[in-house]
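Reviewing the structure listed below.
Values quoted throughout were computed directly from the atomic coordinates according to the rules given, and no laboratory measurement underlies them. The model shown is predicted, which means the values in this text are computed figures rather than measured ones.
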Amino acid sequence: MSSAVDPLLVLILMLNFLILGTSRLRAAINASATQGALIGLLTVFVHGSPAMRPIVLGAAAVAIKGLLIPGMLMRALRDAAIHREIEPYISFLTSLLLGAVATGAAVLFADHLPLAPDHQGSLLVPASLSTVLTGFLILSTRRKAITQVVGYLVLENGIFVMGLTLHDAMPSLVEIGILLDLLVAIFVIGIVINHINREFASIDAAQLDTLKE
C-alpha cells in the first residue's frame, strides 16, 4: 500500500467536517466533489504499483464523483436559486460534535476488527466507517434536498472506500456497477428535487409534510 494513502484519507476526513459545518450549499457541493476526486486518487494509490484496472476505475470515480454529479447539483442549485442551508434539524456545531464522536467511534471499532495485515494500522477502515456515518448524519439532519443528495454522495464515498479493502477480491465489473448505480440514483434524486421545487417553490424536504392527508 502506498504511503500516500493515509494523507489522502486524512483529507477525506477533513472534508467530512467541512460538509458538516458549512451552511453554504455551494461549499458543500464543492467539498463532496473534492472528496470524490481524492477517492479516485486513493483507488490508484491503494493498489501500490500502477496498473490499468485501478487507473481506469480511479478515472471513472473522478469523472463521476468529482465532475459529473457535482456539476448536476450546481445546475440544480442555480435553478432553485438558493444558497444556504438556513435551518437544519440540529445546529451545525452539534453536527460537528456528532461527527467527531462518529469518527472516534469508527477508529475504536476498527481496532477490534480482524483486518488483513496490509490494512492493520491504516486509516482505510476507520475513514470509511466515519464517512458512512457522516453521510447518514447529513441525510438525517438537513432540510434542503440538495444537501441530502450531498449526504448520499458522502455515504456512498464511505462505502466505496470500504470496498477498496477488498480490491483483490472485487472484480472490476462490480466496482463499475457501483458507480453506475450511483449515477442512476443521482438522476432519480435530481428529478425529485426538480418536482419539489416546481410544486412547492422550495426544495425544503420538510415541505413534503403538506402532502399528508
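Brief remarks follow.
- Under-5 Å amide H pairs with Arg84, H placed in peptide plane, nonlocal only: Leu25
- Compared with the direct C-alpha span, the chain from Arg24 to Ile159 gains 46.1 nm at full extension, assuming 0.36 nm per residue.
- Potential lengthening between Ile55 and Met14 on full extension [0.36 nm per residue; Cα-Cα distance subtracted]: 12.3 nm
- Table column - 3J(HN,Hα) (Hz), segment 133-145, Karplus curve with 6.51, -1.76, 1.60, x for Gly and Pro: 5, 4, x, 4, 5, 5, 4, 8, 10, 9, 8, 6, 4
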